[in-house]
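The values are calculated or read from the model by the stated rules, or taken from the named source; none is laboratory data. Because the structure is predicted, anything quoted here is derived from the model rather than measured. We place every Cβ from the backbone using ideal geometry, glycine too, and count neighbours over all the protein chains shown. These area figures cover heavy atoms from the full protein model, side chains too; ligands, DNA and RNA do not enter into them. Shrake-Rupley method; radii C 1.70, N 1.55, O 1.52, S 1.80 Å.
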Amino acid sequence: MKNHASRFVALAATFALSLGAASIAHAQAADYPNKPIRMIVPFGAGSVTDQLARTVGSGLAEALGQSVVVENRPGAGGNIGAGFVAASAPDGYTLLMGAASTNAINPSLYKNLKFDPLKDFVPVANVASVTNVLVVNPELKVGTVAELIKALKGGSYSYASGGAGGSQHLSAELFKSMSSTDMVHIPYKGGSEPIPDLISNRVQVMFCNLPVCLPHIKSGKLVALGVTSSKRSPLLPEVPTIAEAGLPGYSVDGWFALFAPAKVPAEIVARLHDETAKLLAKPEVQDQIRRQGAEPNHSTQAEFARFVQAEHDKWAKVIQDANIRIE
């Protein structure tokens with residue numbers, strides 16, 4: 001009888017604690033927000049991630065009635081800023097403007113990552129995507145993806161990227177894997193650094209961030225063969241996707257999204273999602289995002305969570321197959 005009584009007391013205590021935690025979470029949500037919100041950008045000022053964070057932050061500040069302070073914490077491929085948010089209090093006052101790299105790619109790329117992007121974050125809202133574009137030097141004398149694949153199978157060529165493990169590098173590795181071709185990787189220290197060498201034909205191929213290469217495509221200094229995204233880009237509507245141009249199933253969308261630390265009350269996450277969705281539905285905000293070289297995106301929370309998981313799984317295979325690792 002004594003043991004039964006002890007178990008009952010323990011169960012009652014646990015139930016009371018659960019009710020208490022639920023009450024606290026509900027109170028937090030009802031009063032949210034009552035102080036400024038920090039939005040952490042894990043990359044430098046002026047980056048696409050930074051520009052999008054400032055656009056979304058400004059809109060959320062107006063909708064929520066509290067200031068949203070954008071704070072840059074760059075370094076380690078975005079892991080410093082993302083890790084800071086992962087370790088923050090789960091109260092909705094510290095958010096991450098994350099990207100495909102920080103929340104889907106880096107777990108497979110970095111050997112000693114100190115946080116788990118899938119377990120330590122809750123996806124709040126997809127915000128925008130930026131496509132890469134497959135460009136070649138005109139001297140390569142190829143005009144289509146199919147012609148490039150044929151050339152790569154008959155000769156030795158190199159491709160540039162803005163650094164190991166970035167979207168440009170992985171776009172190329174996925175292309176190599178799916179087309180059964182090979183190219184020598186020449187990494188640079190930033191997305192725009194390879195352009196002079198690409199134009200002068202020191203390196204022949206690049207999966208370039210579209211906003212960076214667009215002027216050189218328009219001038220004829222580079223030839224665009226296809227965009228990496230699943231849909232054609234409004235900035236280059238005449239250029240096909242790589243999938244429709246000769247490599248069915250190929251798709252790489254560089255994406256940016258809002259995340260919160262795991263265990264933030266669901267009501268707070270839902271409100272942030274809903275306010276972000278309203279913001280992204282405004283034509284003036286869509287125009288602003290497009291001027292930044294990105295395309296506005298939106299999905300339900302559930303759809304976005306499934307997308308993040310699928311992206312994680314896709315890049316894990318690409319990284320493993322290409323044996324890419326950053327210590």
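Here are some notes:
- Within the stretch 198-225, tally of residues that are open to solvent by less than 50 Å² (accessible area, probe 1.4 Å), among the small types (G, A, S) and either touching a His at 6+ places or on another chain (Cβ under 7 Å) or on the phi < 0 side of the Ramachandran plot (or both): 1
- A Cβ distance below 7 Å, combined with a sequence gap of six or more or placement on separate chains, defines the contacts here; from the stretch 44-68, residues that are more than 14 Å from G78 (Cβ to Cβ) reach residues that are part of a helix (DSSP H, G or I) and polar (S, T, N, Q) in the pairs T55/Q288; V56/T276; L60/T276.
- Failed condition for T181, given (1) without any contact (Cβ under 8 Å) to a residue 40 or more places away in the chain; (2) open to solvent by 60 Å² or more (accessible area, probe 1.4 Å): (2)
- Residues that are assigned to a strand (DSSP E or B) and hydrophobic (A, V, I, L, M, F, W, C) were ranked within the stretch 46-74; the one that is most open to solvent (accessible area, probe 1.4 Å) is V69.
- Restricted to the stretch 95-115, and to residues there that are farther than 20 Å from K314 by Cα and open to solvent by less than 10 Å² (accessible area, probe 1.4 Å), the residue that is nearest to the chain's Cα centre (by Cα) is M97.
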